[in-house]
Amino acid sequence: MESRKEDIKDILAAKVKDENFDIALSGTSATLVIKVGTKIVVGWVGTTRVAIHKDDGTFYWLTKANHRPNEISEKVRIYRHRGEIREDPRTGQALIFVRARMYPGVAFSRSFGDLLSHKIGVTSEP
């Protein structure tokens with residue numbers, strides 16, 4: 001699995017370079033759902049979630065809450081990487097910044113891209 005993840009990172013890096021696309025402050029979230037026999041495997045990064053609604057009316061969340069900076073494990077990683085979490089005074093939402101700076105101000109603690117954010121503790125690990 002680890003080598004496959006590295007292959008995907010290499011492919012994305014080459015694509016970004018070929019198309020001259022700046023991902024320093026741009027990123028995205030993603031969700032992957034794979035059905036293997038009777039098992040469902042889910043991986044997600046960022047602010048995406050997966051739920052199943054069955055014909056009988058039952059509803060199941062397959063993922064926990066979104067990856068947000070106010071979760072303790074996320075907060076610890078961000079501070080260890082010299083990031084800082086501040087509350088947006090207008091919305092009350094926790095945002096991630098470079099310590100003592102006014103940027104980037106992202107609301108999620110995991111994403112693809114966002115290279116600056118990755119230097120301050122945001123990660124693409126599901």
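Conditions tested, residue by residue: (1) without any contact (Cβ under 8 Å) to a residue 24 or more places away in the chain; (2) touching a Cys at 6+ places or on another chain (Cβ under 8 Å); (3) not small (Gly, Ala, Ser).
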residue: Gly57; (1), (2), (3): yes, no, no
residue: Pro69; (1), (2), (3): no, no, yes
residue: Ile72; (1), (2), (3): yes, no, yes
residue: Arg77; (1), (2), (3): no, no, yes
residue: Arg82; (1), (2), (3): no, no, yes
residue: Arg90; (1), (2), (3): yes, no, yes
residue: Phe97; (1), (2), (3): yes, no, yes
- prompt: How many residues are surrounded by fewer than 19 Cβ atoms within 10 Å (Cβ to Cβ) and either assigned to a loop (DSSP other than H, G, I, E, B) or out of contact with any helix residue (DSSP H, G or I) (no Cβ under 8 Å at 6 or more places or on another chain) (or both) when one looks only at region 95-112?
  reply: 8
- request: Considering each of Pro89, Pro69 in turn, give the residue that is modelled with pLDDT of 85 or more, assigned to a loop (DSSP other than H, G, I, E, B) and in contact with a helix residue (DSSP H, G or I) (Cβ under 7 Å, 6 or more places away or on another chain).
  value: Pro69
task: Taking only region 42-62 into account, find how many residues are part of a loop (DSSP other than H, G, I, E, B) and either at pLDDT below 80 or exposed (fewer than 14 other Cβ atoms within 10 Å of the Cβ) (or both).
output: 10
query: Looking at region 30-60, which of the residues that are under 14 Å from the mean Cα position of the chain (by Cα) and among the small types (Gly, Ala, Ser) is nearest to Ser109 (Cα to Cα)?
result: Gly46
- line: Residue count, region 80-108, condition in contact with a Gly (Cβ under 7 Å, 6 or more places away or on another chain) and of a type outside the set (A, V, I, L, M, F, W, C), comes to 4
query: Can we say Arg68 is within 25 Å of Ala14 (Cα to Cα), within 11 Å of the chain's Cα centre (by Cα) and not hydrophobic (A, V, I, L, M, F, W, C)?
result: no
Ile23, sole failed condition from (1) in contact with a Leu (Cβ under 7 Å, 6 or more places away or on another chain); (2) modelled with pLDDT of 80 or more; (3) in a loop (DSSP other than H, G, I, E, B): (2)
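The values are calculated or read from the model by the stated rules, or taken from the named source; none is laboratory data. These figures come from a predicted structure and were not determined experimentally. Here Cβ is always computed from backbone atoms with ideal geometry, including for glycine, and neighbour counts include all displayed protein chains.
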